[in-house]
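This report concerns only the one structure given below.
Coordinate-derived values only; no laboratory data. Since the structure is predicted, the reported quantities are computational estimates derived from the model, not experimental observations. Cβ atoms come from the backbone with ideal geometry, glycine included; neighbour counts cover every protein chain shown.
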């Protein structure tokens, strides 16, 4: 006979956004910030964070559960729309607005894509005016996900929708927007520069959860499975691994629940948490790979070097983590002053992106250089397994030669 408990659906979520408001934790300050900015008249708000940090889940919550009498919210995802034409994006946005607001298309005219191609102005001259009439006194807030997908990494090829949005945001009294940015290699300064005509955008980071909210996520999501329990040291182990990253916390808990259901063992121990780490790497692989997509080869090597430095410190019970420069020297790197500066610039970028945390300084050659740690322990363990420095020796020797690469070519020709 099948045990009923083995048929219970896994309550944790991986691979898709969260739609249940009761399963969204630790975002109260962000929501208060948004409400305050909108009610004070901010026309555009900028929210930024790493990929897989819960941006889309927050956007869904705002659209469906936030209650502001003067505002209604409509979502638009710009993923895979970098090369879409302005008329196509506007047409999709118009359809989203009518669908999400529940406006019958018998009562409102959506300009055709051909009309929008000929005259983009029809979007607000014809379409938005009808929407405003339907909304009466309410304002329209566009929630634009993946906004930074509308330009390339060099910030030179920019989709026309960006300039169209900027041109109308101040002209349309009842139109507001919240931009969700996944830090696709573009700086916040660049985005602020784009919107300089609008004014400085209120900006907030969607970051890691604190320990209290992480514990709530771990323990409250399986609220309906009353016999599913975590030992205190198991909760502490999850916190130490995920460091408050909501996706990695959900991932570990998803694997633990899956294991409990398979084994019909409903008390999670410290050993259980340690035992699902490799499985979490397999089931959550896209969440480990996708953050690296915006990084250069040098930045990936720096990350691996910092992960290796932490491993050495842990294995030797040293409290001091050595600098990535010493680690890279161990793998054949030769440093000039310029290369030292390049590594520091790359590491600083990784700090700004939330991958690393600077923890001190050490002497290297004749100067003092920073030391770092990988902020999220689970991600560090994945780096050691999937991007070990040993497998990158040849790349390191090419990037950090004894002589500049052009000098080596000159020597060969003499």
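Miscellaneous remarks
- Cα principal axis extents for segment 69-134, largest first, Å: 36, 24, 19
- Distance between modelled label sites at residue 282 and residue 188, nm, 7 Å Cα→Cβ extension: 3.9 nm
- Taking Cα atoms only, the orientation of helix 337-352 departs from the longest principal axis of the chain by about 50 degrees.
- Using a simple spin-label model with pseudo-atoms 7 Å out from Cα toward Cβ, residue 65 and residue 156 lie 4.4 nm apart.
- Sorted by Cβ neighbour density within 10 Å, fewest at the top, the residues 129, 292: 129, 292
- Shape class for the chain: oblate, because the ratio a/c of the largest to smallest gyration tensor axis (alpha-carbon atoms, square roots of eigenvalues) is 1.5 or more and b/c is at least a/b.
- Normalised contact order of the chain, rounded percent, pairs of Cα under 8 Å and 6 or more residues apart: 17 percent
- Between helix 297-315 and the chain: long-axis angle, C-alpha atoms, 0 to 90°, nearest 10: 60 degrees
- Over the chain: helical MRE at 222 nm, DSSP H runs n ≥ 4 each giving -39500 (n - 2.57), nearest 500: -14000 deg cm²/dmol
- Based on Cα contacts under 8 Å between residues 6+ apart, segment 209-276 shows a relative contact order of 42 percent.
- Each part reduced to its alpha carbon centroid, segment 177-223 and segment 33-77 end up 10 Å apart.
- Working from Cα pairs under 8 Å separated by at least six residues, relative contact order for segment 27-205 is 35 percent.
- The angle between the Cα long axis of helix 86-101 and the main principal axis of the chain comes to about 70°, on a 0 to 90 degree scale.
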